[in-house]
Structure formats: structure tokens, C-alpha cells
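Below is one structure, written out as C-alpha cells; the observations come after it.
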Amino acid sequence: MPRTRRRRRHDPEVARLRQVALDAAAAGLYVFPVKAQSKIPAFHGETRCRRAGVCADGHQGWEQRATRDSAQIRRWWSGETRFNVGVACGPSGLVVIDLDTSSEPLPDWDGATTGREVLDQLAARHGGQLPETYSVRTPTDGEHIYFRMPAGVELRNTQGGHGHSLGPLVDTRAIGGFVVGAGSVRAEGAYFVAEHGRIAELPAWLATLLTPPPAPQPTNPTSLRLPTKRANAYIAAILADESHKVTAAAKGQRQITLLTAARVFGQLVGGGELDADNARAVLLEAATVHIGVDDFTRAEAELTVTRGMRFGMQAPRTIDHRHSTTSGDAAAGEKTP
Ligand SMILES: [Zn+2]
């Protein structure tokens, strides 16, 4: 029936959701359709892919297909289906902190029952702040706090209480993750904006906590073999190189560069090649130029150094001094002072 079809095409709810998607795209977010009344992406999954259409050259999932293109958005939200609006965090450059609630108080977190309480305790523990930023309330009393991914940082999803997460009831959605945006609806209720305004950059202390330890390097079990005198020069060169990188790091790279250098130093500390206090002092000295510049604090620098060195020490690196070619004083395994 033409009349029916026409009425459907002008379903005001589809039009409303289309506008939600267009507004999100205009604000810089990459959107895609999510099944009506749900939080499940509307696109077929890889296991059901027929390698046709957009997938002719290989499956394209929601992360690949999410867009800011208004024509594409109009096509998706033009039929009968009242798609919710998915926001792909990776393409949008977002890190969204997804706070949940629990009926069971968490004994390790002062009896906290909400992710918000856990996050506040983390902030207090790490001397960090939570800047004002755009946030969304979910239909199940959860909260999505939106942050911009800092330059040079590539964070993936974390799940509360598992692996490299911030804490229980606190998930994060970043590369590989999505959130259902404000204006979407589920049977339980609507997603609505809790805090209006701009999306702030992820604070450095959270970026540090969320940065996974670098994958352990495959270490040569017999360790590097270097002449005694060159071993000192070798270590000195590593220290100088890493220190220089820290000092020269661009604004968006300071945290990650310091973390990386701290890991390298930590490996040498773990291997007995370096004194921990000295290593720490050298790193903080190298970072001094950044302290107090654009919100980079000494507390953050120290936290980053502590964290990086701790990771590094889990993968000890030793420099073998036995193969000295210049003197006879290098007894087997002897460490140079
Ligand atoms: Zn496909």
C-alpha cells in the first residue's frame, strides 16, 4: 500500500534517530546502526559473512563501516527500522569509561557498589583529577564518560576486574570497542546526556593506568655478549638515548615516551646492570623539562617511572661482560662497577 509505505518512510522515530546519528557525526564521531531497542550492531558478523557487497574484498565489521558521512547515515536511517546509534570509539579517537553498578558491595573498595565510586577512589589514590567532560547515562543506571584519546596513545578495551583494567565495575571502550550513543533507546529506557559539553582529553594518570605493559621482548637466553669496557659504554648509550627521547618528547608523547624509557631502564635494573635509585633519578632528570608544562606534573612523572620500571623489571635484561677482548680482568660473569 503506497500510503502505508509513505507513513513508514516518515516514521518520526526513525527521523529522530537519524538526526541523533547526524548530530553525533557532525560532532566528530563515527557512527553505525545498532539493532532497534538493543546494543547489538546491526551488521552481519564475520561468521555469517557472504563476502559480497561491501565485504566483497573481505569482511567489513562495524568498526570498519562506522562513518561520519551524512549521505551514508541518511541511507542507514531511512527505512522502517528504528536503529539505535552506535559510536565506534577507535575511529572516533575516543576512550569511553563505562561505569557499571553492583548490588554486592566491593570489600576491596570500601564497600563501593558503583563504578563511579571505584573511579573516584582510583583518582584519590593516584593524585589524579577527573576533568569535566561529556557523559551519557545508560538505561541500566550505568554511565559512559567520554574522553579523547591522547595523541600517540593507542588504548584498547579493558574489562573491569580482568586483565589490564582500572578496577571492578569500570570497563573502558577504545580501539575495538563501541558505545550506544545518547538518544538511543532500549526496552529498559533511554540513553541520555548526563553532562553536556566538550569531550575532554583522557587525563594522563588514566592513560598511564590503561597503558598495557609492553609485550616482553624475546630475550636471548645467553644475553648480549659484549666486551667489558664496551658494556659500560653500551649501557651508557642506552641511558643517554632513552633520556634524550624523554627530554625531546612532543607534548602528546611525553607520557608514553617516559613509560617506554622507564621500561627499558627497569629491564636493566632487573638484570642487575643498573641501580634502581640511579635509574629513577636519571629518568626524572630527563623529564624535568616537561614538569609543570601543560598539566604534566611531577606526581605523574613519578607514577609513570614507577610503573614503567616495574614492568621492565619483570623482563630482566643482562649484558654479558665475559667476552672482553681488551683486558684479562674480566672474570666470567663479573659485573663492571
Ligand atoms: Zn561481511
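The values are calculated or read from the model by the stated rules, or taken from the named source; none is laboratory data. This structure is a prediction, so every number in the text was calculated from the model and none was measured. Cβ atoms come from the backbone with ideal geometry, glycine included; neighbour counts cover every protein chain shown. Accessible surface areas use protein heavy atoms only, side chains included; no ligands, DNA or RNA. Shrake-Rupley method; radii C 1.70, N 1.55, O 1.52, S 1.80 Å.
Quick notes on this one:
- Residue count, the range 113-150 (criterion: farther than 29 Å from G183 by Cα and among the aliphatic types (A, V, I, L, M)): 3
- Filter pass, V87 being under 28 Å from T140 (Cβ atoms), of a type outside the set (S, T, N, Q) and part of a strand (DSSP E or B): yes
- Looking across the range 36-82, the residues that are in a loop (DSSP other than H, G, I, E, B) and away from the ligand (no atom under 16 Å from the Cβ) come down to A36, Q37, S38, K39, R68, D69, W77, S78, G79, E80, T81, R82.
- Members of the range 286-312 found to be of a type in the set (F, W, Y) and within 21 Å of A200 (Cα to Cα), listed by number: F296
- Scanning the range 132-152 for residues that are at pLDDT below 95 and open to solvent by 40 Å² or more (accessible area, probe 1.4 Å) yields T140, D141, A151, G152.
- Contacts under 6 angstrom Cβ, first residue in the range 95-118 being touching a residue at least 12 places away in the same chain (Cβ under 8 Å), partner among the aromatic types (F, W, Y), 6 or more apart: V95/F147; V96/Y146; V118/W109
- Selected residue (criterion: modelled with the lowest pLDDT) from residues of the range 222-245 that are part of a helix (DSSP H, G or I) and touching a His at 6+ places or on another chain (Cβ under 8 Å): T228
- Sole residue being part of a loop (DSSP other than H, G, I, E, B) and under 22 Å from T114 (Cα atoms), chosen from A182, A207: A182
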